[in-house]
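As structure tokens, the structure follows; a few thoughts come after it.
Each reported figure results from applying straightforward, stated rules to the coordinates on display, with no laboratory input. In this text the structure is predicted, and so the values were computed from the model without any measurement. Positions of Cβ are generated from backbone atoms using ideal geometry, with glycine treated the same way; all protein chains shown enter the neighbour counts.
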Ligand code: MN
């Protein structure tokens, strides 16, 4: 679904911030798509006295951006203001929700925002929908919520594989397929009724029209899968990203890449930008959005990693010079990437590979070409 541009729109929107012992960065890029339909939320300090709680989410819209945008602005309120969440006892005027209350509050929030939007948007001919993946971080717990095929991954210290990942809601998944068929639908080419590529989403009311069954049993359901994980001292970071990222990087690759970049820079927005650039280079054709949240035990910038990165950059410069000697002044970036792609280059960023160094390669190449031009023009003077 959705048309493509002739050239990707590579402008990035990015920012970073901190609070509650967490730091976060986020970035998004329209990429090859004609429209930008992703949205996100990043909030440290929640209402009802929950100043030490935080909320992060990514919403990947389809067939328009209206539902995604609305959810990014109102989902948190919808979760924290419903009776399931608010009915919890207060201690010293501060809400003290049990894990069950938070879980149920998230579930109710997703379902109620979906039904309110239906009423609000009914008159507007809007047919858009959106995935949602989010995490509420309390001092003791992580509450992951997923609806659709955006994904969140948790990385813990000393573990090569992610400690946790949300499960994508694809129509072919046994539970999803069962619900779709029971609701009178079918799955063709891995899509609901041969059309929608996700089996759970906010919006998409064309798939929620069977008056005989409740919202959670429709062809497409807005019910989130909620997972509670107790915090330890071992959390490094959480990543939330849409399928534009996950289409071209696995959970392991992205975690490895982020971990390696955290040793090079403490600018989280910069790391998010690098992930997006890398995914574009790896061939993602979709809108891309990513949020990275780091905990106090996240890897820190290390002299060793910086030295190794400088050595890598020096090696790349040598290789680029060789390519330039072979191919002359007409050497283009694409050609350099192609030739280097066939070479054995040690020390490339894990999970990102050569794609992750495209920006650096571009800089080196243009510096070499500038230097050549300077030399040529000074030759002329003599
Ligand atoms: Mn997408």
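By how many degrees, 0 to 90 and rounded to 10, does the Cα axis of helix 99-121 deviate from the longest principal axis of the chain?
Relative to the chain, helix 99-121 is tipped by roughly 90 degrees.
As I understand it, the value is the acute angle between the Cα axis of helix 251-262 and the longest principal axis of the Cα atoms of the chain; what does it come to in degrees, rounded to 10?
So the helix axis and the longest Cα principal axis differ by about 60 degrees.
Among 20-31, 362-373, 230-241, how do they line up by average Cβ neighbours within 10 Å per residue, starting with the highest?
Highest mean packing first, the order is 20-31, 230-241, 362-373.
Roughly how many Å is it from the Cα centre of the range 190-259 to that of the range 95-166, as a whole number?
The range 190-259 and the range 95-166 have Cα centres spaced 9 Å from each other.
Helix 303-327 sits at what angle to the longest principal axis of the chain, using alpha carbons and giving 0 to 90 degrees rounded to 10?
60
Could you give the C-alpha radius of gyration of the range 258-309 expressed as a fraction of 2.2 N^0.38 Å, taking N as the number of residues it contains?
Cα Rg divided by the expected 2.2 N^0.38 Å: 1.24.
Sort the chain into rounded, prolate or oblate with this rule: let a ≥ b ≥ c be the square roots of the eigenvalues of the Cα gyration tensor; rounded if a/c is under 1.5, and if a/c is not under 1.5, prolate when a/b is larger than b/c, oblate otherwise.
Since a/c reaches 1.5 and a/b is larger than b/c, the shape of the chain is classed as prolate.
Find how many whole Å separate the alpha carbon centroid of the range 1-51 from the alpha carbon centroid of the range 328-343.
So the two Cα centres are separated by 33 Å.
Based only on Cα atoms, what mean projected area does the convex hull of the range 327-382 have, in nm²?
Computed as one quarter of the Cα hull surface, the answer is 4.5 nm².
For the range 46-173, what does the alpha-carbon gyration tensor say about shape, rounded, prolate or oblate, given a ≥ b ≥ c as the root eigenvalues, a/c under 1.5 as rounded, and a/b over b/c as prolate?
It is oblate, given that a/c is not under 1.5 and a/b is not larger than b/c.
Kindly give the semi-axes, whole Å and largest first, of the ellipsoid equivalent to the range 1-107, taking each as the square root of 5 times a Cα gyration tensor eigenvalue.
34, 17, 8
Would you mind telling me which residue in 274, 330, 296 has the biggest mean-square fluctuation in a Gaussian network model of the chain, where springs connect alpha carbons within a distance under 10 angstrom?
For the chain, modelled as a Gaussian network with Cα springs under 10 Å, the answer is 330.
Which of the peptides 137-149, 311-323 is most tightly packed, and how do the rest follow, judged by the mean count of other Cβ atoms within 10 Å per residue?
Result, highest mean first: 137-149, 311-323.
Normalise the Cα radius of gyration of the range 69-112 by 2.2 N^0.38 Å (N = residues in it) and let me know the number.
1.16
For a test of the definition: using alpha carbon positions, the gyration tensor, and the 1.5 limit on a/c, classify the range 200-280 as rounded, prolate or oblate.
prolate
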